[in-house]
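Q: Sharing a structure, written as structure tokens. Questions coming.
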């Protein structure tokens, strides 16, 4: 598209210049013709006047017929050494002819000089632009992205400048994102190291005790082995959750989105936490359920709601309830999950969905990754999640937008 626009611009400019030059040339030719004609007519007028004075019997019609006659009598002028095919009878016209030849030569010399000057200036400007672009690229190679060569003028080099500027902005963003990614990776590795350090240390201590004390009591040995198994299972769970979350962050998971009944997602999630509910005698109540559907990946949405329910159960007291309420309108479908256990501190609310975040009232057995994973899943399915907490209850609000 840009090439077509530039071609039309150049064509228009060339047409205007050509029209101006052609107009000037036609004006010169027309002026030359008028000079020749005026001079020739003056001479004819003098001859006719002389003939009429000397030969009064000659009529004007006869003179006009002679002037308009195509026949020529070259023998008369040959006596005087004048060839009508190659020479002009009027010497003055020859002088005019030489003057006009010189004028045309000057005109074409000026045109050639003008085009040479224009070509020189164009090349100079182009070379200057290319030099500035080259220097700019050298700065980019040195990781300097703070220069600005954004250009609003037309032309291929200006387009190139603008494209380089866009590329520079993109490279700057990539560089900044790379720094952020490195910092996030560093923080993630620190968090993972911290999460793995405690269970691994416990396992090493218990293994050392088992190795050093061959006569250890069987019951104590079994307790150690059970604890080691529990810690290994915790590590395995942590690794699995980290892998899931990293897949979301690297966009390597393909969501298979289909129209799914929300109540089916809720029921499957409730089934996943049924054992935890039985252990703490917690009842989950679903209100206002209907057959409404949302477009999502069923498997991953069950994972997201399950993690939220697990969080609610972990922070609920024995014998409490968890209430799930469904609402909808033309814009979104909303799920509210309300629990009545430990509240979330106000300082912790903005960070509750951050990976490995442990709040003031966090469970010591938690790893702080479930809610981060839930948020990533819900966002992928065109949804949002928020949490509100007061002295009486904590409410997770999930909205799946229809648009």
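The values are calculated or read from the model by the stated rules, or taken from the named source; none is laboratory data. Note that the structure is predicted; figures quoted are calculated from it, not measured. Cβ sites come from the backbone with ideal geometry, for glycine too, and all protein chains shown count toward neighbours.
Q: Return a yes/no flag: does the stretch 47-57 have any residue that is in contact with a helix residue (DSSP H, G or I) (Cβ under 6 Å, 6 or more places away or on another chain) and either more than 30 Å from residue 107 (Cβ to Cβ) or modelled with pLDDT under 80 (or both). I'd like the intermediate steps shown before the answer.
A: Step one: filter the stretch 47-57 for residues in contact with a helix residue (DSSP H, G or I) (Cβ under 6 Å, 6 or more places away or on another chain), giving 48.
Next cut, either more than 30 Å from residue 107 (Cβ to Cβ) or modelled with pLDDT under 80 (or both) only: 48.
Scanning the stretch 47-57, I find at least one residue that is in contact with a helix residue (DSSP H, G or I) (Cβ under 6 Å, 6 or more places away or on another chain) and either more than 30 Å from residue 107 (Cβ to Cβ) or modelled with pLDDT under 80 (or both), so the answer is yes.
Q: Next question. Read through the list (1) within 15 Å of residue 310 (Cα to Cα); (2) modelled with pLDDT under 85; (3) part of a helix (DSSP H, G or I), then give the number of the only condition that residue 350 fails.
A: (1)
Q: Taking the options 237, 248, name whichever one is under 30 Å from residue 328 (Cβ atoms), at pLDDT below 75 and either in a helix (DSSP H, G or I) or more than 52 Å from the chain's Cα centre (by Cα) (or both).
A: Checking each option against the conditions leaves just 248.
Q: Filter the stretch 293-318 down to the residues that are more than 37 Å from the chain's Cα centre (by Cα) and either over 11 Å from residue 265 (Cβ atoms) or in a loop (DSSP other than H, G, I, E, B) (or both) and list them by number. Let's see the steps before the verdict.
A: To start, the set of residues in the stretch 293-318 that are more than 37 Å from the chain's Cα centre (by Cα) comprises 306, 309-318.
Scanning the stretch 293-318 gives 309, 310, 311, 312, 313, 314, 315, 316, 317, 318.
Q: Given the criteria modelled with pLDDT under 75 and not in a helix (DSSP H, G or I), does residue 9 qualify?
A: No, not satisfied.
Q: Can you confirm whether residue 197 is assigned by TED's automatic domain parsing to the domain that holds residue 232, at negative phi, within 46 Å of the chain's Cα centre (by Cα) and modelled with pLDDT under 75?
A: No.
Q: Hey, another quick one. Test each condition in (1) under 17 Å from residue 277 (Cβ atoms); (2) at pLDDT below 80 for residue 355 and report the one that comes out false.
A: Result: residue 355 passes all but (1).
Q: So residue 110 passes all but one of these: (1) modelled with pLDDT under 70; (2) under 60 Å from the mean Cα position of the chain (by Cα). Which condition number does it fail?
A: (1)
Q: Quickly run through the stretch 208-222 and pick out the residues that are exposed (fewer than 13 other Cβ atoms within 10 Å of the Cβ) and in a helix (DSSP H, G or I).
A: From the stretch 208-222, those exposed (fewer than 13 other Cβ atoms within 10 Å of the Cβ) are 208, 211-215, 217-220, 222; that's our starting set.
208, 211, 212, 218, 219, 220, 222 - these are the residues of the stretch 208-222 that are exposed (fewer than 13 other Cβ atoms within 10 Å of the Cβ) and in a helix (DSSP H, G or I).
Q: From the list 331, 284, 308, which residue is assigned by TED's automatic domain parsing to the domain that holds residue 370, over 21 Å from residue 244 (Cα atoms), in contact with a strand residue (DSSP E or B) (Cβ under 7 Å, 6 or more places away or on another chain) and surrounded by 17 or more Cβ atoms within 10 Å (Cβ to Cβ)?
A: Of the residues listed, the single one that is assigned by TED's automatic domain parsing to the domain that holds residue 370, over 21 Å from residue 244 (Cα atoms), in contact with a strand residue (DSSP E or B) (Cβ under 7 Å, 6 or more places away or on another chain) and surrounded by 17 or more Cβ atoms within 10 Å (Cβ to Cβ) is 284.
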